[in-house]
Amino acid sequence: MTAPLKRLDNQTARAVFMDCHALAELPSGEAKGGALLNLIQRLGFVQLDSINTVARAHDLILFSRRPSYRGAHLKRLYEREKELFEHWTHDAAVIPMEFYPHWHLRFQRDADLLKARWKNWRRDGFEQQFETVLKHIRDHGPVSSSDVGKDEKKGSGGWWDWHPSKTALEFLWRSGALTVVGREGFQKRYDLTERVIETQLCPGNMHCDAEATVDWLCNAALDRLGFATSGELAAFWDTVSAAEAKSWCARALAKGDIEEIEITCADGRHRKVFARSNLADQSLDLPQPPGRIRVLSPFDPMLRDRNRAERLFGFHYRIEVFVPEPKRNYGYYVFPLLEGNRLVGRIDMKAHRDRDMLRVKALWPERGVRWSDARTRRLNAELDRVRRLAGVTQIEFANDWLKDPK
């Protein structure tokens with residue numbers, strides 16, 4: 001008779017997941033230099049995003065865990081101290097330089113994928129620009145996309161329909177020949193990888209062991225998720241295939257490195273996942289998440305997998321940036337609100353820096369959440385912290401209800 005699987009109740013599963021994402025402890029502590037690097041290593045990566053309604057995603061992700069954080073701290077760590085590199089996970093992200101050796105497999109796979117895909121997006125000719133682009137950078141130093149292909153014609157397919165040299169830049173970056181060394185106004189600057197990365201680690205100088213890389217990526221993903229299905233492990237870095245993650249789980253299970261357990265979802269259903277064999281014991285010592293309210297980025301690691309967040313926290317969230325306004329349920333860029341181990345609402349707000357003001361347009365408590373006076377005070381305290389991050393001095397509410405919601 002097969003022994004029943006160990007089971008984590010929903011509260012414990014939330015605690016494990018939040019601890020992995022550095023949200024279980026009180027948001028405090030140093031947020032620059034080595035301390036900031038340690039936080040990013042713990043998360044694995046931090047997604048970059050250009051939308052700046054209050055603060056850019058990467059800044060709010062780090063701020064929600066370390067309120068002393070400011071954007072200059074990340075810029076210094078990335079551009080001056082070279083402790084981070086920028087590449088792709090599920091999207092553009094800054095990643096600890098320590099992880100760079102494990103990205104060679106990604107370079108190879110992106111090269112194969114993008115060569116085939118981009119030819120179908122009316123960018124014919126970008127491969128012919130490789131040597132021209134590389135020579136320009138070799139002769140003139142780091143460039144942005146506006147420095148190359150000035151005489152080339154863009155396609156008519158929208159903002160993403162780049163001219164051939166811009167496409168060549170992106171391809172050479174994604175495949176490892178170029179490295180992004182920083183951003184100006186959120187526009188990437190590219191340099192030759194051999195000028196940025198230690199010689200022995202550069203593509204072409206280091207053997208890529210696919211099996212060892214898959215092993216590292218799956219182990220690192222599990223450590224940062226706490227528990228996961230094979231599909232969730234594959235999706236974390238978005239380099240490992242679903243089949244590779246499934247095979248890794250089978251091997252790790254056979255060796256006793258992991259075990260299969262069940263977690264209880266927010267709706268009471270049970271879900272089979274993989275976890276370290278000591279997770280159930282370790283979970284007994286986890287801290288209770290602090291009761292203060294925190295504004296989360298829509299791209300926060302805790303919410304990146306929308307389906308997982310819904311299963312674990314009962315919180316259905318979809319960003320509506322690309323949804324026509326009449327069809328939106330909430331707003332253009334709505335921020336989730338975390339309190340303790342619950343997502344208690346969402347808020348629509350924007351920093352109007354020309355008016356020195358953070359304007360709160362709307363607030364939606366989650367179903368079953370009573371918005372008490374104490375909760376209002378906690379939210380106002382958080383809004384005061386957020387407006388400092390946004391660089392404004394005033395908070396304006398669109399109506400009186402938002403000042404004191406009942």
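The values are calculated or read from the model by the stated rules, or taken from the named source; none is laboratory data. Being a predicted model, the structure only gives us computed values, none of them experimental. Note that we place each Cβ from the backbone using ideal geometry, even for glycine, and neighbour counts take in every protein chain shown. Just so you know, the surface numbers come from the protein's heavy atoms only, side chains and all, with ligands and any DNA or RNA stripped out. Shrake-Rupley method; radii C 1.70, N 1.55, O 1.52, S 1.80 Å.
The residues of the chain have, on average, 47 Å² of accessible surface per residue, using a 1.4 Å probe with all protein chains present.
Each label was represented as a point 7 Å from its Cα along the Cα-to-Cβ direction; for Lys75 and Glu396 these points are 2.7 nm apart.
The heavy atoms of Thr179 offer some 10 square angstrom of accessible surface to a 1.4 angstrom probe. Taking amide hydrogens as placed 1.01 Å from N in the peptide plane, the amide H of Gly345 sits under 5 Å from those of Leu337, Glu366, each at least 5 positions away in sequence or on another chain. Taking the chain as a Gaussian network of alpha-carbon nodes connected by springs under 10 Å, the highest mean-square fluctuation of the residues Arg138, Arg65, Arg76 belongs to Arg138. For Ala116 and Lys82, a Förster radius of 56 Å and the Cβ-Cβ distance give a FRET efficiency of 0.95, rounded to the nearest 0.05. Before rounding to the nearest 500, sum -39500 (n - 2.57) across all DSSP H runs of length at least 4 in the chain and divide by the residue total; then give [θ] at 222 nm in deg cm²/dmol. After summing the helix terms and dividing by residue count, I get -10500 deg cm²/dmol.
In terms of distances greater than 19 angstrom between alpha carbons, the cross-link table entries Lys75/Lys188; Lys75/Lys135; Lys32/Lys188; Lys115/Lys150; Lys166/Lys188 yield Lys75/Lys135; Lys32/Lys188; Lys115/Lys150.
Label-to-label distance, His270 versus Asp257, with points set 7 angstrom from Cα along the beta-carbon direction: 2.7 nm. Roughly how many nanometres apart are two label points built 7 Å out from the Cα toward the Cβ at Ala362 and Arg292? Distance between the two pseudo-spin positions: 2.9 nm.
Suppose the chain between Thr132 and Leu5 were pulled fully straight at 0.36 nm per residue; how much longer would it get relative to their current alpha carbon spacing? Kindly include the intermediate steps, with their values, before the conclusion.
On the way: separation 127, 0.36 × 127 = 45.72 nm, distance 5.90 nm.
Fully extending the segment from Thr132 to Leu5 adds 39.8 nm.
How many percent of the accessible area of the chain is carbon or sulfur, using a 1.4 Å probe?
Exposed carbon and sulfur together represent 48 percent of the surface.
Surface calculation, 1.4 Å probe, protein heavy atoms: Asp147 sits at approximately 60 Å² accessible. Temperature 4 °C, viscosity 1.567 mPa s: under these conditions the Stokes-Einstein estimate for the stretch 253-365, based on its Kirkwood radius over C-alpha pairs, is 77 µm² per second. Candidate values (i) 36, 30, 19; (ii) 44, 22, 21; (iii) 71, 21, 19 were compared with semi-axes √(5λ) of the Cα gyration tensor in Å computed on the shown model; the agreeing label is (i).
Per residue, the average separation of C-alpha pairs within less than 8 Å and at least 6 apart gives the chain a relative contact order of 17 percent.
Distant-in-sequence amide contacts of Ala24, defined by a placed amide H-H separation under 5 Å and a gap of 5 or more residues or a different chain, comprise Asp19.
For Lys350, a cut-off of 20 angstrom between C-alpha atoms picks up these aspartates and glutamates, skipping any fewer than 8 places away in its own chain: Asp49, Asp59, Asp300, Glu320, Glu325, Glu382, Asp384, Glu396, Asp400, Asp404. Result for the chain in a Gaussian network model with C-alpha springs under 10 Å: among Leu383, Leu114, Leu48, the largest mean-square fluctuation is at Leu114.
Only Cα pairs under 8 Å and 6+ residues apart enter the sum, and on that basis the relative contact order of the stretch 311-406 stands at 22 percent.
Accessible area of Ser146, 1.4 Å probe, to the nearest 10 Å²? It works out to around 60 Å².
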